[in-house]
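The values are calculated or read from the model by the stated rules, or taken from the named source; none is laboratory data. Since this is a predicted model, take the numbers as computed values, not measurements. Note that we place each Cβ from the backbone using ideal geometry, even for glycine, and neighbour counts take in every protein chain shown. Ligands, DNA and RNA are stripped out before the accessible areas are found, and what is left, the full protein with its side chains, is counted by its heavy atoms. Shrake-Rupley method; radii C 1.70, N 1.55, O 1.52, S 1.80 Å.
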Amino acid sequence: MDTSPAPFRPPAPVPRTRPPSMLEMIRIIYRNPLELWGEPSYNQPWIVVNGVGGPLVIANDPGLIRHVLVDNAKNYKLATVRQKVLRPILRDGLLTAEGQVWKRSRKAMAPVFTPRHIFGFAKPMLERTQAFAERYENVAGTVDVAHDMTLLTFDIMAETLFSNEIAGSPGSFGGEIERLFETMGRVDPLDILRAPDWLPRITHIRGRRTMRFFRMIVSDTVAMRIERMERTPDDVPEDFLTLLLNAEGEDGLTRQEVEDNIITFIGAGHETTARALGWTLYCLAEAPWERAPIEDEIDRVTKAEPDPVKWLDLMPLTRAAFEEAMRLYPPAPSINREPIVPETYETLKIPRGAQVLVMPWVVHRHRKLWDDPNAFLPSRFHPGNREKINRFQYLPFGAGPRICIGASFAMQEAVIALAVLLSRFRFDTVAETKPWPVQKLTTQPQGGLPMRVTRR
Ligand code: HEM
């Protein structure tokens, strides 16, 4: 008789059984696009629908996804809607750059993300998490783990990016970046309707001032570092900023691009990891039978191997839980493209102006691709099982030439953070822990993640 507990099925919108009206669609897109998708989206290899701003192709079939993101990637540009939201903030940062600028920047930045540099960040990741964990030593009542994880990953980012040498008051920097993405990083309904640019976007008005202020801090921070590099060339921190400035020059990055990429790394690299960490702690709390072997693994490895560089390889169960949480709650829930020239894939016609949506949220819960897709089952990612997952059915970091450049940084950071936190504390849900996944720029838990943290 099978006595194992029923798997935990964390909260998610029930797929719609009828398509929404146009007005409903706009409302849902504004409130929470994850609630838009109907039963066929989770069952079919692809679907073509007439969206409010033109045809949408929902791409679920791993072959089609590979075609769009890899084999014929040359024929696809970043979707206009996403560019309208992110480009005013990130300009020619890698996430929003296109064409020759993107090509040159990606090449110039490859040496920044080599394993040697990523391994070099393991120690600051460990130290920042240990310092962060102190706050839980004498905590009474509940804490919002979702919010706390953004503080932790922001702190790690500030340390690895510019060794916390920020111009002005470092305390205000974190708050400013949060405000910037909250105000500017929202899809405005006018953008979805493809309204002309001269119509003011109410959602963005407040953000402009924050953005000017924020750009000024970044520019001063870069100037401060350049001055230090000139003054004491043998004594400069080995962080992202130094590496990016060293990538300056012919065929490298311009000073402006260095600044754009600093903002991009903060924008693309801290909330994403924070969301995934929060959802992992939540799922493990609701599935303590999955958490117990992970705690054992962490206790055993941290005792035997103090070097955090080795932990990612030595902790397959911890890593699997994180990967499974990213399957259920992909931090980047949608990867959008537009064809440059209309084309055909098998029997599917992809017309000019269509938006092709490769949605990790949908693909990761597709009925034909996964067994029991809504269940939290980290064993899917255990060694031996992981290899059976098609490369194009699991896309938390995307795929192809524009695959996340920070993926190994994020995986290393996540395992180190989980190892430190779970070796010292137990995170449990309480009656008020009722997160609802909402798609903003990332997949956020609406209502936060109030949890009780106790010493193990
Ligand atoms: C769990 C954490 C993360 C997730 C889930 C994630 C996810 C993604 C995804 C899906 C893309 C591809 C977008 C597309 O194809 O349109 C991407 C691109 C990117 N990510 Fe990440 N990311 C994470 C962490 C990071 C970190 C830590 C950094 C920086 C240190 C980073 C920097 C970038 C950049 C610069 C790009 C643009 C790459 C290009 O277009 O060439 N990300 N990320």
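Out of every Cα-Cα pair that region 242-303 contains, those further apart than 14 angstrom amount to 71 percent.
Hydrodynamic radius of region 1-126 by the Kirkwood approach over all distinct alpha-carbon pairs: 18.9 Å. Sorted largest first by accessible area at a 1.4 angstrom probe radius, with every protein chain in place, the residues TRP436, TRP102, TRP279 fall in the order TRP436, TRP102, TRP279. Across region 132-178, the convex hull enclosing all Cα atoms gives 89 Å³ per residue. When Rg and the Kirkwood Rh are both derived from Cα coordinates, the Rg/Rh ratio for region 289-341 amounts to 1.25. With the gyration tensor restricted to C-alpha atoms of region 290-400, the semi-axes of the equivalent ellipsoid amount to 36, 15, 11 Å, longest first. Relative to one another, the C-alpha centroids of region 318-351 and region 1-40 are positioned 17 Å apart.
Scaling against 2.2 N^0.38 Å puts the C-alpha radius of gyration of region 214-260 at 1.10.
The residues of the chain have, on average, 44 Å² of accessible surface per residue, using a 1.4 Å probe with all protein chains present. Packing around the peptides 324-331, 249-256, 397-404, taken as the average count of other Cβ atoms within 10 Å per residue, puts them in this order, highest first: 324-331, 397-404, 249-256. Counted over the chain with a bin width of 10 Å, the fraction of Cα pairs per bin, in whole percents, is 4, 20, 31, 28, 15, 3, 0, 0. Structural descriptor for region 325-445: relative contact order 28 percent, calculated from alpha carbon pairs under 8 angstrom and at least 6 residues apart. Computed in the context of the full set of protein chains, the accessible area of the chain at 1.4 Å probe radius has 56% of its extent on carbon or sulfur. The peptide list 130-138, 42-50, put in order of mean Cβ contacts within 10 Å with the highest first, becomes 42-50, 130-138.
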